[in-house]
1. Where the eigenvalues come from the Cα gyration tensor of region 119-253, what are the semi-axes √(5λ) of the equivalent ellipsoid, largest first, in whole Å?
2. Sorted by accessible area (1.4 Å probe), largest first, how do Ser25, Ser79 line up?
3. With a 1.4 Å probe and every protein chain left in place, work out the accessible area per residue of region 116-185 in Å², rounded to a whole number.
4. Got the relative contact order for region 110-228 handy, in percent, Cα pairs under 8 Å and 6 or more residues apart?
5. How far is the Cα center of region 172-242 from the Cα center of region 1-33, in Å?
6. Take the Cα radius of gyration of region 157-229 and divide it by 2.2 N^0.38 Å, with N its residue count; two decimals is plenty.
7. Whenever you get a sec, line up Arg247, Arg174 from highest to lowest accessible area (probe 1.4 Å, protein heavy atoms).
8. Rank these by accessible area, largest first, 1.4 Å probe: Asp118, Asp52.
Amino acid sequence: MEDKIITYSKETREYLVGTVTKPFSHNPAIISDYYPNVIGVQWDSKRISRDDLSQGAKNTLGGISTVFRVDSWAQEFESLLQGQGYTTTAITHDGNDNSEENEMIIQQALTMLEDAFDKLDAWQMQDLVGGLLEAMGYQVRISPKGPDGGVDIIAHRDAFGFEKPVIKVQVKHRKTAVGGPEIQQLLGANPINANSLFVSTGGFTPSAKNVAQQNGVKLLDLTELVELVSEWYEKMTVERKALIPLRKIYVPV
C-alpha cells in the first residue's frame, strides 16, 4: 500500500499523481463490465503540467497509454510536486529494452506533435486548421485578426463558394474546455445553413458535446487534430508545413 500511481489527462495536458489506498480487486459493479479491475487511489490536489517536464521526460512519456511507468523520471516528478525545478537524470538502457516497439514510437511521435501544436499561438493554429482543410480539397477563407463574428474559417469546394457543403469553423486554442454556449454561438453565426466544425485544443465540456450531438456539429480536440494533420501533412502548402516542420521516418515492420 501507499504506492504512487500516475495518470495523464489529455484534456488539460497534466499528470495526476495519487497514492494507492486499496488493493486491486475485480468488481465490475463499481464502473462497468468493460472496466472490471479497480484499485483505490487518493489523488493529490497538485497536478504536473506536461510543459514543466524536461525534454527527456517528455520523450520517454510520449507514448502515453492507460498504464505507463515513469521509471528513471520518478525523481523529477517528486521535485515538481514539491514545487522545485527538475534536475536532469542520466538514463541507461540495457539490451532488453523494448521501448522502441513500433506502436510506442508512433504514440510518442503523436504526443510530441501535441507538444508542438501547444506552442503555436491562436492565429497560427487558425492558419494550420485552414491549411488542413485546403489539403483536404477545400477552398478556404480565413478571418483576419480582430472580431470574427463567431466564425474563424469558411471552407467550400468551389472557388466562388456556391457548391455545398459549406463549412464554418471556429478554432479555440487554449487550455480550458469549450462549453455549450460557444457551440451555440457557432450555430447562430452566418452562414446559418452551413455545416459546423469546432476545433478546441482544450477539449469540450459534457454540455458542449451534448449541444454538438443534438445539432450535428463536428468536434475536433487536440488529439484528433494532430492525427488529421499527420494524415494530410504531405498535401499541405509549404507555408502551412512551416508552422509544424516534420520529417518523415520509416519504421521497419
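1. Details: eigenvalues 118, 69, 40 Å².
Those come to 24, 19, 14 Å.
2. Details: Ser25 45, Ser79 15 Å².
Most to least solvent-accessible, the answer reads Ser25, Ser79.
3. Values: 3470 Å² over 70 residues.
Solvent-accessible surface per residue comes out at 50 Å².
4. Values: 201 pairs, mean separation 25.6, N = 119.
It comes to 22 percent, rounded to a whole number.
5. Here the answer is 30 Å between Cα centres.
6. Values: Rg = 12.6 Å, N = 73, 2.2 N^0.38 = 11.2 Å.
Cα-based Rg divided by the globular estimate yields 1.12.
7. Working: Arg247 215, Arg174 75 Å².
So, going from the largest accessible area down, we get Arg247, Arg174.
8. On the way: Asp118 35, Asp52 80 Å².
From most accessible down to least: Asp52, Asp118.
The values are calculated or read from the model by the stated rules, or taken from the named source; none is laboratory data. Source: prediction; values computed, not measured. These accessible areas exclude ligands, DNA and RNA; they are computed on the full protein's heavy atoms, side chains included. Shrake-Rupley method; radii C 1.70, N 1.55, O 1.52, S 1.80 Å.
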